[in-house]
Amino acid sequence: MDASDLQRRLTEFHGIANEVLTDVKDITPQQVKHWIVGPFLVALGWDPHDKKQVFLDYPTKFDGGHADFALLDPSGRARLILEVYGAKTPVRQAADDAAKKARGIGAPLVLLTDGGEFSLWYVADKEGTTPLFMLQLKDLAENAEALGGLSAEYRLSETGIEQLRRSAIRLAVLQMLEDNSEKTFDAMVAWVKSQVAPGALDDATELAIRDATMVWLTEEHLSMPIFQGQAGPHRPHELRSTSARDWEAFPKGPAGTFQYRYDTSKTLDARQSPKEVKQALRMQGLRTHTATAFGGFYYALRQKAGLPVNHP
């Protein structure tokens, strides 16, 4: 499923889960399993009733215990264990306990939830457990593109797991760079690497860091006066906020062209440079939520269209 479809499904799931949490006070882990985890897996395209996809009470080698759920790849290997933890259990402790189970069965991912928060963790063979996402229930739909690797379409293949890791690293890098002083591109990459994962990095992590740093630099450069170009007919306070989910492929145009979901007369060509796309948004009375959000917006459109991330 594409990002817009996943976003729609996660939005519907949010409505279901939020109603449960509103109606049920002091929800128990067992209730979370039935009333929240099940619908969440369905939103991601998994079938909780198919034991070849979702295995309940999956046996692990750690203390002879079991995982609440295991998501299986087509060959039947457990690639992710999903654990429900109580409100009194710190999430870090829950992650460490779940990681021991995951290592025992060779699963590289752990997903934790208490019903209101969802956190995804990457489990290396010998290293510590690394958090990829920590998202509140209300924020899942807004991060549908980043969560795509969790969908049943990927069945937690190496490609899906790499996508999850790269998406998570990009978000983390963008957040860190918000507070970073001006540096050269290579210096910024080196600094981020030291913050994300000291020591040797695999190719996926290295590429994700460089991609995210480039996105951030694009955002920062576009905020400088020299890159602003003509002001256009709209003043800043008149611009309407938009995000990548508001844009869909232009049915009569080439790949990379989009039309605004709420006004099809507004179009964008993501094949153009970031500067040109930003100017086109402004001319049509639109802008991203914040100035630094434009780089992610531009990247998301190009990713939707299957275009290279870094515009020549």
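The values are calculated or read from the model by the stated rules, or taken from the named source; none is laboratory data. Because the structure is a prediction, the values reported are computed rather than measured. Cβ coordinates were reconstructed from backbone atoms using ideal geometry, including for glycine residues, and neighbour counts include every protein chain displayed.
Which one is surrounded by the most Cβ atoms within 10 Å (Cβ to Cβ), of the residues in segment 9-29 that are without any contact (Cβ under 8 Å) to a residue 24 or more places away in the chain and part of a helix (DSSP H, G or I)? Ranking the candidates gives I16 first.
Just to be sure I understand, how many residues within segment 4-37 are of a type in the set (A, V, I, L, M, F, W, C) and closer than 17 Å to N143 by Cβ?
The number of residues fulfilling the criteria is 4.
All of (1) closer than 13 Å to R155 by Cα; (2) modelled with pLDDT under 95; (3) not basic (K, R) hold for T60 with one exception: (1).
Taking segment 30-40 only, how many residues are closer than 14 Å to A152 by Cα and either touching a residue at least 60 places away in the same chain (Cβ under 8 Å) or of a type in the set (D, E, K, R) (or both)?
To start, the set of residues in segment 30-40 that are closer than 14 Å to A152 by Cα comprises 38-40.
Cutting the leftovers down to either touching a residue at least 60 places away in the same chain (Cβ under 8 Å) or of a type in the set (D, E, K, R) (or both) gives us 40.
Qualifying residue count, segment 30-40: 1.
When you check G104 against the structure, is it at pLDDT 85 or above and either in contact with a helix residue (DSSP H, G or I) (Cβ under 8 Å, 6 or more places away or on another chain) or surrounded by fewer than 23 Cβ atoms within 10 Å (Cβ to Cβ) (or both), yes or no? Taking the combined requirement at face value, the residue satisfies it.
Applying the criterion of at least 2 residues that are over 28 Å from A168 (Cα atoms), modelled with pLDDT of 70 or more and of a type in the set (S, T, N, Q) to the strands (runs of 3 or more DSSP E) found wholly in segment 179-276 leaves 263-269.
Taken together, the residues in segment 60-76 that are assigned to a loop (DSSP other than H, G, I, E, B) and under 24 Å from the mean Cα position of the chain (by Cα) amount to 2. Of P308, P251, which residue is closer than 16 Å to A212 by Cα and free of Cβ contacts under 8 Å to residues at least 40 places away in the same chain? None of the others qualify; the one that does is P308.
How about segment 34-65: which of its residues are crowded, with 17+ Cβ neighbours inside 10 Å, touching a strand residue (DSSP E or B) at 6+ places or on another chain (Cβ under 8 Å) and not hydrophobic (A, V, I, L, M, F, W, C)? Answer for segment 34-65, where residues must be crowded, with 17+ Cβ neighbours inside 10 Å, touching a strand residue (DSSP E or B) at 6+ places or on another chain (Cβ under 8 Å) and not hydrophobic (A, V, I, L, M, F, W, C): P48, Q53, Y58, T60.
Among the residues of segment 144-154, those that are at pLDDT 85 or above, crowded, with 18+ Cβ neighbours inside 10 Å and either part of a loop (DSSP other than H, G, I, E, B) or out of contact with any Lys or Arg (no Cβ under 9 Å at 6 or more places or on another chain) (or both) comprise A144, L147, G148, L150, S151, A152, Y154. Within segment 255-267, being more than 13 Å from Y298 (Cα to Cα) and in contact (Cβ under 8 Å) with a residue 12 or more places away in the chain holds for A255, Q259, Y260, R261, Y262, K266, T267.
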